[in-house]
Amino acid sequence: MTAIETISREGRLRPRVAVVSALAGLLLFASAAIQAAGPQPKVNEVTVQLLVTNKRATLEVIGALVSAIGVIGVAVTLVFLFGAARARRPELTPAARITAIVGAVLAAVGGIAYGIVITIKAHDFATQGAQTYPQANHLLSTPGVAVLQYAGLLGSLLLAIAFVLISLNAMRVGLLTKFIGYLGIAAAAASLLLIGSAPALLIEVFWLLAVAYLLSGRWPNGDPPAWRTGKAEPWPSGAELREQRQRQAGGRARGPAKPATEPAREPVAAATSATRATTPKRKRKRRK
């Protein structure tokens, strides 16, 4: 595919992916708000958590569904950025794209399935038996619950790896600014180190909204050059920027070259003639 064909294809897809990216960020934020709404357990005890989950069963399922749609939107954004980066660097392997797709599917399907299963378990605990700790532990220790939990964690891990790889490669070819590229890496690190925390979610949401704004063509400094040329346009390194600033500063310090002025020559001839004119002539002796 030529550079012109790449630019034309991306021009058609960019507005749609911008909408998907923005919706993904808003849906992830909405999912966190839904999870925080309604009754919450006051203590970290499994029996209390099951009883509270039974009261907020609808919120749990809706929150999981909204989060799953947002995760799919994240995968769509990452896959588009990877395709654009690979068009400019064909040597990139499709591993990052596969990682993003598999991670998103595992996280989305695992999240929805876990939300449904845990609400069913909570309903059984609240309506059957003596509601004791052994009963709660038995309900949550089934293989199905463990598999869904690990599937969700594995999906989040793969999605974080795809975040790092795709953000880094898109930044290297000049599709993403350094700010957005490093922000994507930070979002991946935060999602792994601060799983389920508000700061990690906010970083990821901000990255999605920033990418949506860039893809919409409204970035303050205009599109990065790689979007306009269809080729890799790497950002200058720190050393290159320092050298450029030094050259500019040196050029301003030297200023325009001035022609060297030659020292004025002494009027030798005039001085010689003046000396001869003022010197008295010697009288020659006449020979007898």
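Computed from the mean reciprocal separation of all distinct C-alpha pairs, what Kirkwood hydrodynamic radius does region 3-229 have, in Å? About 18.7 Å, per the Kirkwood formula over Cα pairs. Residues in region 6-17 carry Karplus couplings, in order, of 4, 5, 5, 5, 5, x, 6, 8, 4, x, 5, 5 Hz; the curve used is 6.51 cos²θ - 1.76 cosθ + 1.60 with θ = phi - 60°, and Gly or Pro positions show x. Here, P(r) means the percent of Cα pairs in each 10 Å bin from 0 to the largest distance; for region 41-161 it is 14, 34, 26, 15, 8, 3, 0.
Taking 0.36 nm per residue of separation and subtracting the Cα-Cα distance, full extension of the segment from ALA3 to LEU202 would add 68.1 nm.
Each of SER141 and ARG247 was given a label point 7 Å from its Cα along the Cα-to-Cβ line. The distance between the two points is 7.1 nm. Note on ARG89 and ARG228: their simple-model spin labels are 2.2 nm apart, each label 7 Å out from Cα toward Cβ. Here is the list for region 42-125: GluC sites (Glu not before Pro) lying in DSSP coil, each with at most 15 other C-beta atoms within 10 angstrom of its C-beta, are GLU45, GLU91.
Taken together, the values in this text are just the output of simple stated rules run on the coordinates, not laboratory data. None of the values given here were measured: they were computed from a predicted structure. In this analysis, Cβ positions are derived from the backbone assuming ideal geometry, glycine residues included, and neighbour counts consider all displayed protein chains.
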